[in-house]
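As structure tokens, the structure follows; a few thoughts come after it.
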Amino acid sequence: MTALLPSLSRIKEKWFSLLIIYVAYVASALVGIYLYAELDIAPAIIWIPVGIALAAIIIEGYEVWPAIFLASLTAALFIEAPAFFLVGMVAANTLQPIVAKYILDQVQFDRGLGTVKDMFAILATALFVTMIVPTTVWGIAYAYNMLHETELPLLWGAWWVGSALSALAITPFLIRWIKRPWPVRTRAQIIEIVLTHAALLLVAVPLFMTPYTSVYGISLIYFLLAVLLWMAFRIGPRFMTFSLFLMAATSVLGALWGVHDSAPELFSQRLLNTQIFSLIVIFFFFIIVSIEEQRKTAVAKNAQRTAELEEALQRIHLEDQAKNEFLAMLAHELRNPLASILSSVELLRLKSGSAAEVRRLSDAMNMRVKTMARLLDDLLDISRITQKKLSIEKEPSDLHEILSHSIEIVEPIMQKYGHYLQVSLPEESATVDADATRLEQVFVNILSNAAKYTPPEGRVELSCTYEDTSARITIRDTGIGIPRIMLTRIFEPFVRIRQREEGVEGIGIGLSLAKSLIELHGGTIHAESKGYRRGSEFTIRLPLIETRRKPKNPLRAPGASRGARPLAPRSSFRILIIDDNHEAADALGKLFRMKGHVVSLAHDGASGIAAADEFDPDIIFLDIGLPDIDGYEVAQRLRAAGVNVHIVALTGFVQQGDKERSRESGFDHHLTKPVAFSDIEALLKDIEKEGSIKPLFDHA
């Protein structure tokens, strides 16, 4: 209801449209009134104002009904008829387009006319609502005749035909051409449109305007239908609305052309028959063109989907190939440390080396195991990213400390290759909302790549600047560079860079993981390279919380001497290890005993629960994958029995769901195998220093 009551502001916005509608309606109505008066014919002539009113309200909305009402009222002043008759006609002329608009809104009509549904909706609605005015006028005339015993003409059928033809010929033409983008056509299509319309006129003019309606005994109607059929399949619904409007106008003008050559009753019948013919032709050819347009759209969509499927298949093929190459490279990368570990184990078994040699071999094994663990961690992270399960725990963190720690981690790698690392950081420190461990993982990855892909004694530069509310971290090297064609692909999973040097192929997960982690922090990462042997540059942008000036510890240059940090004295703890892997449990127990702790071992869940009661440990290192009952249930039983000790999960279960289940089962911490003994020692130091483990999980 509110849509029918336009506000003053809306009227001001649409004043020009309202004026155009009013003038067009009145002008076309006066033409019709003149023809009725001068030719003295029944009102079967096409009544143009009907099509204008329907198109106006469909294009502009309900707000234009006042213009239609005033225009109809103005036209009624020129008609000689009883006042009650004119009032009913004006009201019906105003109601007719409003009803049409309401019906079309209910069926979600699109005036592009590109589907059978939309075309049928406008045609059926036009045929239905154009009955409103003839029915109203007929009812008034019938009631008047009954009351006054007069003979006002009852012309319902002729009136409806004229209104319906106006609606079908004019309304689709106007709504498809007014306020619609101009269609893009090729030169050949434009020529075809011009020629087909010329052919239409060449057939329609003699057919409707002259006595020559056949060629060699063949009616021109067949030629007309052939031309319209060609148009329906070739020129689309927009130009088809113009073609059918042109055909209808020609047929009506042709019928009027012979008015003085025929008796009035014959002329009226001829005019009515012509308009019925045009009405039928328009209806069916609009349906045909909408069917063809919908078919073309479906074909185009199918072609697009086929292309997308082919592209997807090609992408899957490339990804599958990349994964196969990645697995081959991963096997190579894992075999190297395994071979080194096996060799070191064999040497240790011989027990012929000195203490220094034994320490060197154990250090080498430790480094290789860490390498393998890092590869497995990256693989798991990539899996989480693919499944959209990778999560980070952000908190306000000092970007300078994150960068400093990252540099300390890669210093041994820089020393190994003999690189010079230049670091340039701003005087102000900056706070980022970040998972510090994950950001360190990103910077360590890129710096390690820079070291690995740069020939010995190269140069690696790290710089950080602040730009408004973001930080810009640049890592530049003098290495072998990145091929231009790979700059957009190096961040895809399992994509590796092939270069001419041996031993510098990546395994294809580090940069993809780095990109995902940076994006989880709301940042971006971009790679640049000038080509082979011209180095590469990675630019990372991260949003900042704040920047502030404060003193910072200077970074040591790579290769600077690093003094051994003295170990703080450790207290003796009672430690229970529950693990079904006898060798791993024995080895960990020996390490604990060497550090002065008292150790007890259990190799299944039931004996572990019993040992916890008898041994009375301070800390329990509990494996989850036990043979009888899993570690989750062991922890639950211990907590239910009132065991108030530190329970640490020492397991290969590393998914986020595993950690959540650990928390719910009563674990205090979750360590992933293989774990460095230094990390376990750090955990014990927390117990000594704080009196409790810094928990990963909070317990109610």
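Throughout, read-outs are computed from the coordinates displayed, never taken from laboratory work. Keep in mind the model is a prediction, meaning the values are calculated, not measured. Positions of Cβ are generated from backbone atoms using ideal geometry, with glycine treated the same way; all protein chains shown enter the neighbour counts.
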(message) Students often get this wrong, so check it: of Lys179/Lys296; Lys452/Lys673; Lys590/Lys659; Lys515/Lys685; Lys416/Lys659; Lys14/Lys301, which have C-alpha atoms separated by over 30 Å?
(response) Lys515/Lys685; Lys416/Lys659; Lys14/Lys301
(message) If I model a spin label at Leu253 and Ile79 as a point 7 Å from the Cα along the Cα→Cβ vector, what separation in nanometres do I get?
(response) 2.6 nm
(message) Past the 24 angstrom mark, what percentage of all C-alpha to C-alpha distances in segment 574-690 do you count?
(response) 16 percent
(message) If I take all pairs of Cα atoms in segment 81-136, what percentage of them are more than 15 Å from each other?
(response) 52 percent
(message) With only alpha-carbon pairs counted, each pair once and no self-pairs, how large is the Kirkwood hydrodynamic radius of segment 93-216 in angstroms?
(response) 18.0 Å
(request) Provide the per-residue ³J(HN,Hα) series for segment 639-651, in order, calculated from phi with Karplus coefficients 6.51, -1.76, 1.60 and θ = phi - 60°, each as a whole number of Hz, with x at glycine and proline positions. (result) 5, 5, 7, x, 6, 10, 10, 7, 10, 10, 6, 10, 8
(request) Work out the FRET efficiency for Ile545 and Gln636 from their Cβ-Cβ distance, taking R0 = 51 Å, and round it to the nearest 0.05. (result) 0.80
(message) Starting from 0.36 nm per residue, how many nanometres of slack lie between Arg472 and Arg533 once their C-alpha separation is accounted for?
(response) 19.5 nm
(request) Mind listing the long-range amide H neighbours of Ser429? Cut-off is under 5 Å, sequence gap 5 or more, other chains count too, H placed in the peptide plane at 1.01 Å from N. (result) Arg548, Arg549, Lys550
(message) Given all pairs of different Cα atoms, what value in angstroms does the Kirkwood hydrodynamic radius of segment 43-134 take?
(response) 13.9 Å
(request) With a bin width of 10 angstrom, please list the P(r) values of segment 395-549 as percents of all Cα-Cα pairs, from the 0 bin to the one holding the largest distance. (result) 11, 43, 35, 11, 1
(message) Would you report the distance distribution of C-alpha pairs in segment 268-327 as whole percents per 5 angstrom bin, up to the bin with the largest distance?
(response) 4, 15, 10, 10, 9, 8, 7, 7, 6, 5, 5, 4, 3, 3, 2, 2, 1, 0
(message) Let's test the formula: R0 of 25 Å, r as the Cβ-Cβ distance of Met594 and Asp686. What FRET efficiency results, to the nearest 0.05?
(response) 0.80
(request) May I ask you to compute the full-extension gain from Tyr142 to Leu30, defined as 0.36 nm times their residue separation minus their alpha-carbon distance, rounded to one decimal in nm? (result) 37.7 nm
(message) Which residues among segment 281-314 fall inside the zone where the amide N is under 19 Å from a point 7 Å beyond the Cα of Ala226, along Cα→Cβ?
(response) 285
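With r defined as the distance between the Cβ atoms of Ala307 and Arg180 and R0 fixed at 22 Å, what FRET efficiency is calculated, to the nearest 0.05?
0.20
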(request) Calculate, in nm to one decimal, what Asp628 and Glu395 gain on full extension: separation in residues at 0.36 nm each, minus their alpha carbon distance. (result) 79.9 nm
(request) Using label points projected 7 Å from each Cα along Cα→Cβ, tell me how many nm separate Gln321 and Thr213, to one decimal. (result) 7.0 nm
